[in-house]
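Shown next, in structure tokens, is the structure this report addresses.
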Amino acid sequence: MPITFVTTSAQHLHTHKRHPERTERIQVILDVIRQDALLAAQWVTAQEALMTAITRIHDSAYVQSLADACAGLPSDYVAYADTYTTQATYLAACQAAGAACQAADLMMTGHAAFALCRPPGHHATAAEAMGFCFFNNIAIAARHLQAEHGLRRIAIVDIDVHHGNGTQEAFYADDSVLFVSSHASPLYPFSGEVYEMGIDAGHGSTLNIPVPAHTGDAAMHRVYQHVVIPALVRFRPECILVSAGFDAHWDDPVGNCRLSVAGYQRIFEMLCDTADHLCGGRIMAVLEGGYSLRALPVCVQAAGHVLARTGGALTDALGSQPSDPHRADAVIARLQHIHPLLQPQRSSP
């Protein structure tokens, strides 16, 4: 099937030439995708997310403060910290959230969809911008699916090398959204331990898999085979949303893992097969991290082929790095022992 990439018009205005999270990330992706005749890509330009959609996740005072702060900046000024702000940041963030919601809408009509949006979102909490993120795009999309499409059970799988702390916070007490995060540890934002499993009604609906530095393809595939996929099967979501960060690639300047393009492609294959089995193939992706300008576009291209079910495997010109295939076995064993979704089910008397 064709795949629809949802882009935004203002992302190039929110940029900083000395920062890894800059407009070139999207440009290199577009350059590669547009040259791929086999992918049959379609393109949609996102509208800004409605304020009602954004405030399902974020405090209205925080949203207004971000709008005011950006409006008060001169057009050529960049307020720099690890998470920089320009005059266009608020507009770009509203469009990024809108892109995630539009990709979710496309998924619900049977389309393969990937929101190519920035700034990314999975670190943004209800009232704080952090980790290059302002609005939590995928969390906003999940609540949009529940409010506008009536879905009751949604799974979010975060494959970024960094823990999606903001997404975890949004659903930590909510049993209607399963949040799964495979991420390197120790690494920013220094959260996402195995014992963080949710609270109250949401206990067991958060699943963190902190893997050691230098984890590569084989070890990560074991994580998905023995932890992520069984948890999804047990939870039985009505759709799967992927926080698609590609900074676990070995070439990434920010991450510390050793995945390859082929390794990412296999993860998407596992998730798409699971979506086909559990929820009628309903799966979509939202771009998060990924800062190697040569690895990021081909990772997105590989994921796009899987989401579109083209059946083709790309040639991984960048290759792979050696890594211990059992590097994550200890965390797999720990989670199998303690996490509710990985415990044997008791048969009814």
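The values are calculated or read from the model by the stated rules, or taken from the named source; none is laboratory data. Just so it is clear, the structure is predicted and the values come from calculations on it, not from any experiment. Heads up, the Cβs are rebuilt from the backbone with ideal geometry, glycines too, and the neighbour counts pull from every protein chain shown.
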Take the residues of region 168-196 that are assigned to a loop (DSSP other than H, G, I, E, B), farther than 30 Å from residue 253 by Cα and of a type outside the set (D, E, K, R): which is farthest from the chain's Cα centre (by Cα)?
173
Qualifying position, being in contact with a helix residue (DSSP H, G or I) (Cβ under 7 Å, 6 or more places away or on another chain) and either of a type in the set (Lys, Arg) or surrounded by fewer than 24 Cβ atoms within 10 Å (Cβ to Cβ) (or both), among 59, 36, 105
36
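Let's see how each residue does on (1) farther than 22 Å from residue 305 by Cα; (2) among the aromatic types (Phe, Trp, Tyr); (3) surrounded by fewer than 18 Cβ atoms within 10 Å (Cβ to Cβ); (4) touching a Phe, Trp or Tyr at 6+ places or on another chain (Cβ under 7 Å):
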| residue | (1), (2), (3), (4) |
| --- | --- |
| 189 | yes, no, yes, no |
| 195 | yes, yes, yes, no |
| 198 | yes, no, no, yes |
| 201 | yes, no, yes, no |
| 206 | yes, no, no, yes |
| 216 | no, no, no, no |
| 234 | yes, no, yes, no |
| 260 | no, no, no, yes |
Out of everything in region 8-35 that is in a helix (DSSP H, G or I) and hydrophobic (A, V, I, L, M, F, W, C), what residue ends up being farthest from residue 290 (Cα to Cα)?
13
Step by step: first the residues of region 1-30, then only those that are over 20 Å from residue 299 (Cβ atoms) and hydroxyl-bearing (Ser, Thr, Tyr), then the one that is surrounded by the most Cβ atoms within 10 Å (Cβ to Cβ). Which residue is that?
15
Does residue 308 satisfy being modelled with pLDDT of 95 or more and buried (at least 24 other Cβ atoms within 10 Å of the Cβ)?
no
Among the residues of region 1-46, the number that are under 13 Å from residue 117 (Cβ atoms), in contact with a Phe, Trp or Tyr (Cβ under 8 Å, 6 or more places away or on another chain) and either of a type in the set (A, V, I, L, M) or modelled with pLDDT under 95 (or both) is 2
